[in-house]
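Have a look at the structure below, then the notes.
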Amino acid sequence: MKAVVLSSGGVDSTTCVAMAVNELGSANVVTLSFKYGQRHEKELESAQKIADFYGLAHYVYDLTSIFAYSDCSLLSSSKEKPEHMSYADQIARDGEGKVSTYVPFRNGLMLSAAAALAQSLYPEEECGIWIGAHADDAAGNAYADCSVAFNESMGRAISIGTYELVKLHAPLNRLNKAQVVAEGLKLGVPYDLTWSCYEGGEKACGKCATCIDRLAAFRANGCEDPIDYED
């Protein structure tokens, strides 16, 4: 069994990389990252560092043109800035539904691209696509393309479209972020190499939603986040 792991360079996807390597061995795992017009490319640098750490082949696809008409606050073309507020607080304020950092159908596009890569690299072999979506991402329907229902549906479509050779694995989908970090700590994940912040400064801002959730996840595990923060 081979594996293509979607790698954003963040906590969740890097935990997923470690799980795939632990289960299948590094010789059977590759990672895949995406340029999609994000505000910074620090996450891509982290994804490469993660691949190097585990000795994995790493691929990068460019989806930038697909999101050229989106005003998502994560994109460099947007006039909006990512909010400095937790996802839970955003949902409490605005009600359930997508948040401003939702990139239109991004995970669907990434999974489709990963399926094409899997079939290209391993045309006659079984291959798993691993995605690090977790329960907190889908909470309040903030990111509909991170939900269990979405991944189950995409998984079936991918299997049908690849003659049942490619399967989707979302091993973190029912875990919250604190539980994800707990799994990663058991596996010795190099979280010091990861990057989550939406701002892309020299240090993580500690104020955007992903920084807030990341810090809380490490605190819940009784340990300190190993990356540097501005405050």
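Taking the DSSP beta bridges with both ends in the chain, the antiparallel portion is around 5 percent. Among beta bridges identified by DSSP and lying wholly in the stretch 1-82, the antiparallel ones come to about 10 percent. With the convex hull of its Cα atoms as the shape, the stretch 43-149 has an orientation-averaged projected area of 8.5 nm².
Counting heavy atoms of the protein chains alone, ARG106 has an accessible area of about 50 Å² for a 1.4 Å probe. Measure nothing fancy, just the Cα-based angle from helix 106-121's long axis to the longest principal axis of the chain, in degrees from 0 to 90, nearest 10. Around 30 degrees separate the two axes.
Panel values: the stretch 114-214, Kirkwood radius from alpha carbon pairs, Stokes-Einstein at 4 °C and 1.567 mPa s, translational diffusion coefficient 84 µm²/s. In the chain, the longest principal axis of the Cα atoms and the axis of helix 148-161 are about 30 degrees apart.
Near GLY132, once Lys and Arg are set to +1 and Asp and Glu to -1 for all other residues with Cβ below 14 Å from its Cβ, the sum equals -3.
Note on GLU124/LYS186: beta-carbon distance plugged into 1/(1 + (r/R0)^6) with R0 of 35 Å gives a FRET efficiency of 0.55. Less than 5 angstrom separates the built amide H of CYS127 from those of LYS2, VAL166, LYS167, all sequence-distant by 5 or more or on a different chain. Taking the helices alone, the chain has a mean residue ellipticity at 222 nm of -12000 deg cm²/dmol, built from -39,500 (n - 2.57) per DSSP H run of at least 4 residues and averaged over all its residues. In summary, the chain shows an alpha-carbon radius of gyration equal to 0.96 times the 2.2 N^0.38 Å reference for compact globular proteins. Annotation: average projected area of the stretch 153-194 is 4.2 square nanometres, based on the convex hull of Cα atoms across all directions. Percent of alpha carbon pairs in the stretch 159-227 separated by more than 13 Å? That fraction is 70 percent.
The alpha carbon convex hull volume per residue for the stretch 1-71 rounds to 83 Å³.
The values are calculated or read from the model by the stated rules, or taken from the named source; none is laboratory data. Please read all numbers here as calculations on a predicted model, not as lab measurements. Neighbour counts are summed over all protein chains in view; Cβ atoms, including those assigned to glycine, are modelled from backbone coordinates with ideal geometry. Heads up: the accessible areas ignore ligands, DNA and RNA and are worked out on the full protein's heavy atoms, side chains in. Shrake-Rupley method; radii C 1.70, N 1.55, O 1.52, S 1.80 Å.
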